[in-house]
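Asks: First, the structure itself, so that you have it in front of you.
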Amino acid sequence: MDAVLSAVRVVAGMLILASASVLQAVILLALLPSRTARIRSCIVFERIVGHACTRLCGCRVEITGRERLDPRRPAIYVVNHTSMIDLFIALRFMPCGSVGVIKKEVIFYPFFGQLYLLAGHLRLDRGHHAAAVASMRSLADLVRRARLSIFLSPEGTRARDGRLLPFKRGMAHLAIQTGLPVVPIVILGAYRAWPSDSLSIRGGTIRVEVLPAVDTRDWSPENTVEATEQIHRVFRKHLPPEQQPRP
C-alpha cells in the first residue's frame, strides 16, 4: 500500500511540475533577451511547485528564521542536501531574484532541468575546473550588477545517508567575488521523508533553520579553505548526531 501511495505521489508531482513548467517556459521565452528578468520571473513557478510537491509528499515543513530570507538584502544562501525533497523546499522558500548553482547533470531532471537552463541559472561542470571557475566569475558579475542572490548546496551532491559531506570551495570564491554574506540554511530530517535515490516517499516533519548571515568581507583567495571550514562548522553545530559527518 505504501508503495502504491508513493507511486501516486510521484506521478501527481510530475504532472504538476510538467504543467507549471509549460506555463513558465512561455513566460521565459518572452523574456529571453533579459537573463535577470527570466530569473526573477520564476518566483511564482517556484512557490506553486514548492508548496504543491512538499504537500504531495506528505511533508510538514517547519521553518525558523524565515525573516532572514530577505530579497531586499542579497546574500549567498547555502543548504545541506540529503534528499530530492530539498529541491522543493528550496523552491518553496527561495527569495525572489535568487540564482541557482547546481551541477550540470540537472539538465536530465524531467521538466525542471530544461526550465532551469532556460531561466538562466548556472550549471557547473565539476569535471572541468577552469570552465567552472570562469562560469562562477561571470555569475558573480551578473549578481553584482543586478543585485541578485545565489542559492547553492556547497556539498555539490546529495548525502545518501543524511550525513553532512565536505563542502566545495566554490561558495567561498563566489562570496569573495561578490562581497555577499553567506546565510546557512540547515535542513533536518529530509533524508527520512524521501530517502536519496528512492521512489519510496515516507513524509513527516522536516525542520528548516535559516541561520544568521556570516560576514565574508575578510575572506580572501588565500584563505578559502578556512572560510569553507567556517561555514561547515556552522552546519555541524546545528545538525543532530545522525546527520553529523562520518569520521
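Asks: For T178, T64, which order do you get if you count the other beta carbons within 10 Å of each Cβ and list the fewest first?
Replies: Least crowded to most crowded, the residues run T64, T178.
Asks: Ok, one more. Starting with the highest mean, order 47-53, 130-136 by the number of other Cβ atoms within 10 Å, averaged over the residues of each peptide.
Replies: 47-53, 130-136
Asks: Next question. Straight-line reach from K237: which aspartates and glutamates fall under 13 Å, measuring Cα to Cα and dropping same-chain residues less than 8 apart?
Replies: Partners found: E209, E229.
Asks: Can you compute the FRET efficiency between A7 and L29 using 1/(1 + (r/R0)^6), with r the Cβ-Cβ distance and R0 = 25 Å? Round to the nearest 0.05.
Replies: Once the sixth-power term is evaluated, E becomes 0.15.
Asks: Distance from the Cα centre of segment 111-178 to that of segment 1-74, in angstrom?
Replies: 19
Asks: Hey, another quick one. Starting from the Cα-Cα distance between E226 and S200, subtract it from 0.36 nm times their residue separation and give me the gain in nm to one decimal.
Replies: Length difference between fully extended and current span is 5.5 nm.
Asks: With a Förster radius of 41 Å, plug the Cβ-Cβ distance of D161 and R72 into 1/(1 + (r/R0)^6) and report the FRET value to the nearest 0.05.
Replies: 0.65
Asks: Go through 217-226, 200-209 and give me the packing order, highest mean Cβ count within 10 Å leading.
Replies: 200-209, 217-226
Asks: Summing -39500 (n - 2.57) over the DSSP H runs of n ≥ 4 in the chain and dividing by its residue number, what mean residue ellipticity at 222 nm do you reach, to the nearest 500 deg cm²/dmol?
Replies: Calculated at 222 nm, the ellipticity per residue is -14500 deg cm²/dmol.
Asks: Taking every Cα atom in the chain, find the radius of gyration and the maximum pairwise distance Dmax, and write them in Å.
Replies: Rg, Dmax (Cα atoms, Å): 17.3, 55.
Asks: Determine ³J(HN,Hα), in whole Hz, for all residues of segment 11-25 in sequence, where each value follows from phi through the Karplus function 6.51 cos²θ - 1.76 cosθ + 1.60 and θ = phi - 60°; x replaces Gly and Pro.
Replies: Couplings: 5, 4, x, 5, 5, 5, 4, 5, 4, 5, 5, 4, 5, 5, 4 Hz.
Every number in this text was worked out from the coordinates using simple rules, so none of it is lab data. Predicted model, so just to flag it, every value in this text is computed and none were measured. Positions of Cβ are backbone-derived with ideal geometry, glycine not excepted, and every protein chain shown enters the neighbour counts.
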